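For reference, the structure is listed below as C-alpha cells.
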Amino acid sequence: MVPDAIPALKSQKLGKDVLVEQPAYDLIELFFFAYRDFVSDPDRILDEYGFGRAHHRVLHFVSRQPGLTIAELLDILRITKQSLNRVLKELIEKDFIESRMGTSDRRQRLLFATGKGHDLALKLAKLQTRRIMRALSDMDPDAKETVSRYLLRLIDPDDSAHVRQLVFGLEKT
C-alpha cells in the first residue's frame, strides 16, 4: 500500500481539535517504527565494535564538527557529563576520537574524530542516507525540503535556531 493512501492519515483533519481531542496514534507509531528501522542498520555495525547508540551520536557530531568542545557536545546531546564521559573514554581508548587541549583556554578539551572514527561515522551515515533517500525516491522533488521543515517544527521552538545552525550552518535568527 502506498503511504499516501493510508486511510488513517487522510481521515484526520489537521486542526486544534485533533491536537486536543485525539492522540495521533498512527503518526506516533510510525515514528517509533521508522526510528527502530533507521537505527537498526548502524546498530548491527556498532555492535561489532562493542558500541551502542550513544557512541554513534557522539561519533557523528564529533566527526561532523571537528574541534567540538565537551560543553557543546553536552548541549547537543542533552545528556549528563557522567554519561558522556563513559562513552567518550571508550571512543578515545579505541582510537575513534582524539581529545586535544584548547588553544586559547588550555582547560578546554576539543574533540576530533580520528581517521578510523571518521570512516566509521561516514559508513554509518551512508547506511542511514540510503534508507532516507529510498524513502524520498518516489515522492515529489520538494519532499526533502518538506520533511526537513516538518522535522524542524517537531523541535522545541527555543532550540530551533540552534539546531538550524548546527544542521544547515545558517546564522541563528
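Laid out as a table, the results:
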| read-out | value |
| --- | --- |
| Computed Kirkwood radius, in angstrom, where 1/r is averaged over Cα pairs of the chain | 18.6 |
| Most to least packed among 58-71, 150-163 [average Cβ atoms within 10 Å] | 58-71, 150-163 |
| Top positive-direction residue, dipole computed over the chain with Cβ charges, set Phe96, Pro42, Pro157 | Phe96 |
| Test item: Cα-centred dipole of the chain, Lys/Arg +1 and Asp/Glu -1 on Cβ, debye | 560 |
| Backbone HN-Hα couplings from phi across segment 79-90 [Karplus 6.51/-1.76/1.60, Hz, Gly and Pro as x] | 10, 6, 4, 4, 5, 5, 4, 5, 5, 4, 4, 5 |
| Average projection area in nm² (convex hull over Cα atoms of segment 113-160, one quarter of hull surface) | 4.6 |
| Loop-resident sites, segment 69-110, for trypsin sites (Lys or Arg not before Pro), counting at most 12 other Cβ within 10 Å (DSSP) | Arg78, Arg106, Arg107 |
| Rounded D (µm²/s) - segment 56-121, Kirkwood Rh over Cα pairs, Stokes-Einstein at 25 °C, 0.890 mPa s | 211 |
| Cα-based Kirkwood hydrodynamic radius, segment 74-173, one decimal, Å | 16.5 |
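Every number in this text was worked out from the coordinates using simple rules, so none of it is lab data. Nothing here was measured: the structure is a model prediction, and the numbers come from that model. We place every Cβ from the backbone using ideal geometry, glycine too, and count neighbours over all the protein chains shown.
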